Amino acid sequence: MAPTRPSLALARWVLLAAVAARLAGADDPYRYFTWTVTYGPINPLGTTQQGILINGQFPGPRIDCVTNDNLIVNVVNNLDEPFLITWNGIKQRKNSWQDGVAGTNCPIPPGANYTYKFQAKDQIGTFTYFPSVALHRAAGGFGALNVYQRPAIPVPYPPPAGDFTLLVGDWYLAGHDQLRQTLDSGAPLPFPDALLINGMPSATLVGDQGRTYLLRVSNVGMKTSINFRIQGHALKLAEVEGTHPVQNVYDSLDVHVGQSVAFLVTLDQPAMDYAVVASTRFNPADTSPLTAVGTLHYSSATSLAPGPLPAGPPEESEWSMNQARSFRWNLTASAARPNPQGSFHYGTIQTSRTLVLASSAAVVAGQRRYAVNGVSFVVPDTPLKLLDNYNIANVIEWDSVPERPDGGAPRPGTPVVRLNLHEFVEVVFQNTENEMQSWHLDGYDFWVVGYGDNGQWTENERLNYNLVDAQARHTVQVYPNGWSAILVSLDNQGMWNLRSANWDRQYLGQQLYLRVWTAEQSFSNEYSIPINAILCGRAAGLPH
């Protein structure tokens with residue numbers, strides 16, 4: 001008996017679906033990694049100290065992948081305490097289960113492993129990873145994650161002759177456990193002891209005269225902003241945290257904690273060795289800047305370039321803020337997908353709500369803490385994502401952070417702000433203190449539409465917002481006694497950490513979570529709990 005027309009149609013649909021699936025698999029390859037995390041001796045400053053190594057390396061292995069690659073990273077924890085890695089700037093589309101922070105994942109117990117499974121979905125750029133619990137970040141365990149474009153997706157500059165990855169950050173001689181005890185005792189962290197480049201006080205970059213190279217600089221430090229410059233050479237900005245900016249040229253670039261930039265450098269000077277300088281910014285009044293000096297070595301050089309090291313910029317906020325305002329989104333550049341990244345006209349969308357989040361150094365129950373609108377985050381014994389997934393009550397304090405500062409007495413809490421999928425929100429970070437701060441949002445990029453160093457933000461500041469080509473990024477600096485305003489399209493369902501990137505402040509409570517949600521449960525919105533998810537606390541023993 002001949003098949004009916006409906007069955008023929010169904011057969012054709014099944015065949016087409018199978019072919020499409022195979023083609024999709026061909027476009028999105030898998031990359032597998034096994035990382036063993038251990039303690040080990042390191043001596044970045046000439047004195048042996050205990051560091052956290054990944055496969056014996058400090059910093060950890062660099063991941064180089066291509067847009068939409070699937071990354072399978074099996075992390076084996078051979079430390080004597082729980083461990084967790086977060087992927088700074090990777091959006092984890094529909095997949096906050098893999099974000100690797102205490103609000104979404106149970107830490108990996110000693111002697112156990114966890115396999116992260118995530119995709120560098122629709123991203124191109126310079127990113128990092130680092131430990132997210134127990135102040136492990138101060139001991140190492142961090143590294144670079146570079147996402148390159150697919151051949152079909154052009155980037156707005158000619159292929160460079162090569163690229164260099166530079167992980168720059170402040171460093172302490174004291175171990176992470178000692179620093180943790182300092183914070184737990186109520187004392188502030190001291191000023192760092194040194195500045196490192198790729199885990200050492202210096203680094204050498206080698207290139208050929210006349211060629212152009214891409215330099216990727218990430219601030220992987222605990223708390224200190226840096227300025228980066230190269231003697232006698234201009235820095236042409238090429239990428240900011242996964243987006244392409246207008247390619248302005250700078251003598252030096254400020255990179256704040258948690259931020260990444262990439263720039264093009266042409267070796268157009270006489271063939272010599274030139275100083276590569278990183279120095280700390282916005283230092284306390286009673287300290288001198290920390291400096292790390294590397295070398296840009298022309299392959300045919302036989303001598304050092306004459307003259308002093310290039311000086312850093314003025315220390316006041318105005319210079320740095322003017323540079324930040326000059327970062328503009330390149331509206332003609334392609335994104336990781338083959339459509340113009342500037343086609344999203346963010347400035348014409350009505351915001352659904354405004355959050356004004358003021359940081360503060362607070363005293364809670366006699367203990368030094370940091371707070372957001374008076375609430376200092378306390379990490380619960382069960383990740384918020386698991387509590388929400390299993391409907392475990394009486395832990396999460398829903399919407400307990402005021403949408404604006406209300407002058408209430410500081411208190412501990414476990415706040416989660418509930419937002420709807422596809423809301424478009426305005427967030428203002430208000431810095432009421434005399435030190436530079438950075439804020440990071442997992443799961444998203446956002447548009448930085450305004451900066452101020454003139455005290456309190458008011459609605460009138462919106463008149464000066466950049467609503468056309470503001471720079472998109474995932475980490476924004478907030479100047480002392482100032483504010484920064486962002487707009488963000490909440491198109492990524494999940495439980496997302498909004499935190500201080502200054503790690504002492506994050507550790508002592510300057511963070512909260514956003515739950516972006518819709519009642520329409522679908523894999524097109526969010527994936528289910530992974531079959532290998534570690535279950536701890538009140539979720540221990542529950543079915544996946």
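Ranked from highest to lowest mean number of other Cβ atoms within 10 Å per residue, what is the order of the peptides 287-299, 234-246, 40-52, 520-532?
234-246, 287-299, 40-52, 520-532
With both bridge residues required to lie in region 26-154, what share of the DSSP beta bridges run antiparallel, to the nearest 5%?
Antiparallel bridges make up about 65 percent of those DSSP assigns within region 26-154.
For region 155-306, with only Lys/Arg (+1) and Asp/Glu (-1) charged at the beta-carbon, what is the dipole magnitude about the Cα centre, in debye rounded to 20?
The dipole magnitude comes to about 140 debye.
Using Cα-only point scatterers and the Debye equation, what is log10 of I(q)/I(0) for the chain at each q in 0.10, 0.11, 0.12, 0.13 Å⁻¹, rounded to two decimals?
Values returned for q = 0.10, 0.11, 0.12, 0.13 Å⁻¹ are -0.82, -1.00, -1.21, -1.45.
Can you give me the long-range amide H partners of V133? Hydrogens built in the peptide plane at 1.01 Å from N, cutoff under 5 Å, separation of 5 or more residues or another chain.
L84
Just from its helices, what would the mean residue ellipticity at 222 nm be for the chain, if runs of 4 or more DSSP H residues each count -39500 (n - 2.57) and the sum is divided by every residue, rounded to the nearest 500 deg cm²/dmol?
On the way: 5 runs with 53 residues, N = 544.
Helix contribution divided over all residues of the chain: -3000 deg cm²/dmol.
Determine the sum of side-chain charges near N502: Lys and Arg each +1, Asp and Glu each -1, restricted to other residues whose C-beta is under 12 angstrom from that of N502.
Overall, the nearby charge balance is 0.
Magnitude of the Cβ-charge dipole of the chain, K/R +1 and D/E -1, about the Cα centre, nearest 20 debye?
The calculated dipole for the chain is roughly 1320 debye.
Normalized C-alpha radius of gyration of region 346-537, against 2.2 N^0.38 Å?
Normalised Rg, Cα atoms only: 1.03.
Counting DSSP beta bridges with both partners in region 346-537, what percentage is antiparallel, nearest 5?
Just about 65 percent of them are antiparallel.
How large is the Rg to Rh ratio of region 220-333 when both quantities use alpha carbon positions and Rh follows Kirkwood?
0.98
Give, as a single signed number, the net charge of other residues whose beta carbon lies under 15 Å from the beta carbon of Q367, with Lys and Arg counted +1 and Asp and Glu -1.
Numbers: positive: R180, R368, R369, R411, R505; negative: D184, D504.
Residues close to Q367 contribute a combined charge of +3.
Provide, for q = 0.16, 0.19 Å⁻¹, the log10 of I(q)/I(0) from a solvent-free Debye sum over equal Cα point scatterers in region 26-154.
So the normalised log intensities are -0.78, -1.04.
Quick one: of the DSSP bridges fully inside the chain, what percent are antiparallel, nearest 5? Working shown, then result.
On the way: 96 of 137 bridges.
Of all bridge pairs located within the chain, approximately 70 percent are antiparallel.
Which aspartates and glutamates have a Cα lying under 16 Å from the Cα of K94, excluding residues fewer than 8 positions away in the same chain?
D69, D122, D388, E423, D442, D445, D491, E520, E526
How big is the dipole moment of region 302-413 about its Cα centre under a simple scheme where the beta carbon of each Lys and Arg is +1, that of each Asp and Glu is -1, and everything else is neutral? Debye, nearest 20, please.
220 debye
Taking 20 Å as the cut-off for C-alpha to C-alpha distance, list the pairs among K91/K223; K117/K223; K91/K117 that go past it.
Violating the 20 Å Cα-Cα cut-off are K91/K223; K117/K223.
List the Cys residues of the chain that have no partner Cys with a C-beta closer than 4.7 Å.
Flagged as lacking a Cys partner: C65.
Calculate, for region 26-154, the solvent-accessible area per residue in square angstrom, rolling a 1.4 angstrom probe over the heavy atoms of the protein chains.
Here the residues of region 26-154 average 32 Å² of exposed surface.
Quickly rank 345-358, 441-454 as a protection proxy: mean count of other C-beta atoms within 10 Å, highest first.
441-454, 345-358
For region 155-306, how big is the tail of P(r) above 23 Å, as a whole percent of Cα pairs?
40 percent
The values are calculated or read from the model by the stated rules, or taken from the named source; none is laboratory data. Computed from a predicted structure; not experimentally measured. Here the Cβ is made from the backbone with ideal geometry for all residues, glycine too, and neighbour counts use every protein chain on show. Quick note on the areas: whole protein, heavy atoms, side chains included, nothing else; ligands and nucleic acids left out. Shrake-Rupley method; radii C 1.70, N 1.55, O 1.52, S 1.80 Å.
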